Amino acid sequence: QKEVEQNSGPLSVPEGAIASLNCTYSDRVSQSFFWYRQYSGKSPELIMSIYSNGDKEDGRFTAQLNKASQYVSLLIRDSQPSDSATYLCAVNTRLLDSSYKLIFGSGTRLLVRP
Amino acid sequence: DTGVSQDPRHKITKRGQNVTFRCDPISEHNRLYWYRQTLGQGPEFLTYFQNEAQLEKSRLLSDRFSAERPKGSFSTLEIQRTEQGDSAMYLCASSSPEDPSGANVLTFGAGSRLTVL
């Protein structure tokens, strides 16, 4: 079982719709979770972080976390063609020195149709 | 400070040659990470430095790979005797333990794309 799992997609939605991206993780002690957006040929850029169960909203983005189910999701409201990218779910995993490394899923490709 | 810098951005080499990538992290960040990303996959962790100490190294990193961070500032990643399977984007990221959330938020550089012919 992969440590962080995502559906590879592509997820295709019409412009203006809500895009829903999902992620599950295996490490029960993970405490912090991130969504990165990656455009083709570019490096990942952080768009959302979430640390507590429930919802966290930032503009058109809402991250949802359920630690009991080991599930993280990202909702994008009013999707725009410029949102078309790969969305990477990442989970912090503790290292021996008590710092962390990020473990990434393989990403979900989102396509927003004009 | 303009973020994490990586050099070169692109490198094309022949199989068997050695290559070296450089990463300059955000100046106040003492944690530095190297990741490798191949097409259609998420970034895979390679190694981690806290200041000049290399504290974690992935099993993905064969003996042909070596990373250094002298003086705890910039870092280099060297690949010896490159193979076609080494073709990938090599990403550097840095973070600060002083992040208010304590969550170790990584900022990535633009990456160094390696093509081995």
For the stretch A:1-51, how big is Rg over Rh, using alpha carbon atoms and the Kirkwood form of Rh? 0.99
The stretch A:70-114: D in µm²/s via Stokes-Einstein (Kirkwood Rh, Cα pairs, 20 °C, 1.002 mPa s)? 170 µm²/s
Three principal axis lengths of the protein assembly as shown [C-alpha, angstrom, descending]: 49, 38, 38
With θ set to phi - 60° and the Karplus curve 6.51 cos²θ - 1.76 cosθ + 1.60, what are the ³J(HN,Hα) couplings of the stretch B:41-52 in order, to the nearest whole Hz, using x for Gly and Pro? 10, x, x, 10, 5, 10, 7, 9, 10, 10, 6, 8
What is the stretch A:1-107's relative contact order, in percent, from Cα pairs under 8 angstrom and six or more apart in sequence? 33 percent
Measure out, as a whole number of angstrom, how far apart the alpha-carbon centroids of the stretch A:49-84 and the stretch B:50-65 sit. 32 Å
Assigned charges on the beta-carbon of Lys, Arg, Asp, Glu; chain B dipole about Cα centre (debye): 580 debye
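How would A:Trp35, B:Trp34 line up from fewest to most surrounding beta-carbon atoms within 10 angstrom?
A:Trp35, B:Trp34
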Positive-end extreme of charge dipole, chain B - chosen from B:Ser5, B:Ser95, B:Ser73 (charges on Cβ): B:Ser5
Ordered by number, the GluC sites (Glu not before Pro) in the stretch B:35-117 that occupy a DSSP loop and have at most 13 other Cβ atoms within 10 Å are B:Glu83, B:Glu98
Tell me the relative contact order for the stretch B:1-86 as a rounded percent, counting alpha carbon contacts under 8 Å between residues six or more apart. 31 percent
Under a GNM of chain A (C-alpha, springs under 10 Å), which listed residue has the highest mean-square fluctuation: A:Ser43, A:Ser30, A:Ser79? A:Ser43
Summing +1 for each Lys or Arg and -1 for each Asp or Glu, what net charge is found among the other residues whose Cβ lies under 11 Å from the Cβ of B:Pro8? +3
Would you compute, for the Cα atoms of chain A, the largest minus smallest coordinate along each principal axis and list the three values in descending order, in whole Å? 47, 30, 24
So for the stretch B:1-58, what are the equivalent ellipsoid semi-axes in whole Å, largest first, each being the square root of 5 times an eigenvalue of the Cα gyration tensor? 22, 15, 13
At q = 0.11, 0.20 1/Å the base-10 log of I(q)/I(0) from the Debye formula over the alpha-carbon atoms of chain B is -0.33, -1.07
Peptide-level mean, for B:36-44, of C-beta atoms on other protein chains within 10 Å: 5
Final fewest-first order of A:Cys23, B:Cys92 on the 10 Å Cβ neighbour count is A:Cys23, B:Cys92
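Bear in mind that the values in this text are calculations on the coordinates, not laboratory data. The structure presented is a predicted model; accordingly, all values stated were derived computationally and were not measured. Please note: Cβ atoms are built from the backbone with ideal geometry, for glycine as well, and neighbour counts cover all protein chains shown.
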